[in-house]
1. All other residues with a Cβ under 10 Å from the Cβ of L117 taken together, and with Lys, Arg as +1 and Asp, Glu as -1, what is their net charge?
2. Within the set of other residues whose C-beta is less than 12 Å from the C-beta of K103, count the net charge using Lys and Arg as +1 and Asp and Glu as -1.
3. By average Cβ neighbour count within 10 Å, what is the ranking of 103-115, 62-74 from highest down?
4. Over the range 3-93, average the accessible area per residue using a 1.4 Å probe and give it in Å², no decimals.
5. State the label only: which of (i) 24, 16, 14; (ii) 31, 13, 11; (iii) 28, 14, 13 corresponds to semi-axes √(5λ) of the Cα gyration tensor in Å computed from the shown model?
6. Determine the calculated [θ] at 222 nm for the chain from helices alone, applying -39500 (n - 2.57) to every DSSP H run no shorter than 4 residues and normalising by the residue count; nearest 500 deg cm²/dmol.
7. Magnitude of the Cβ-charge dipole of the range 78-118, K/R +1 and D/E -1, about the Cα centre, nearest 20 debye?
8. Against the longest alpha carbon principal axis of the chain, how many degrees, from 0 to 90 and to the nearest 10, is the axis of helix 71-95 turned?
Amino acid sequence: MRKENIMANERTLEEIQKAIGAHGLWKLRLKTAINSGSSDFSPDVVACDNKCEFGKWLHDETMPADIKSGMPYQVITRLHAEFHRTASTVLQDALDGNTAKSKETLEGEFSAQSTKLISALNKWKGELREI
């Protein structure tokens, strides 16, 4: 494997690991917003899948074409966008005082999407380690 590919793999593994931790924090942030009715985050910003550190990396124009064309990247990009849209919905409902609705979405759709995203990230990480 060429040195550039090894370095790209290592960077990808690092970004995936950071993303797993960062996206795991969102459930806590959303629960806090539901309980308090406030947040340091705006639903409009949360809805954007290219504003978080992982999203910035994922959508970076310098992302190697071989990564972008791969199935793991395509699946992660879709799941990541869905995660952010649903987190935004939960947050908007929480800020609007729709506590029951935000809790239901958090425990249902958001939890399911979060689990899918984390599983896909772990799978991608495993595939990269096999290379």
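1. In short, +1.
2. Neighbour charge sum, excluding K103 itself: -1.
3. Put in order of decreasing packing, that is 103-115, 62-74.
4. Counting only protein heavy atoms, the per-residue value for the range 3-93 is 55 Å².
5. The value computed from this structure is option (ii).
6. -24500 deg cm²/dmol
7. Numbers: 5 positive and 6 negative charges, 33 e Å.
Its charge dipole is roughly 160 debye.
8. 20 degrees
The values are calculated or read from the model by the stated rules, or taken from the named source; none is laboratory data. Here the structure is a predicted model, which means the values were calculated and not measured. Every residue, glycine among them, receives a Cβ derived from its backbone with ideal geometry; neighbour counts consider all protein chains shown. These accessible areas exclude ligands, DNA and RNA; they are computed on the full protein's heavy atoms, side chains included. Shrake-Rupley method; radii C 1.70, N 1.55, O 1.52, S 1.80 Å.
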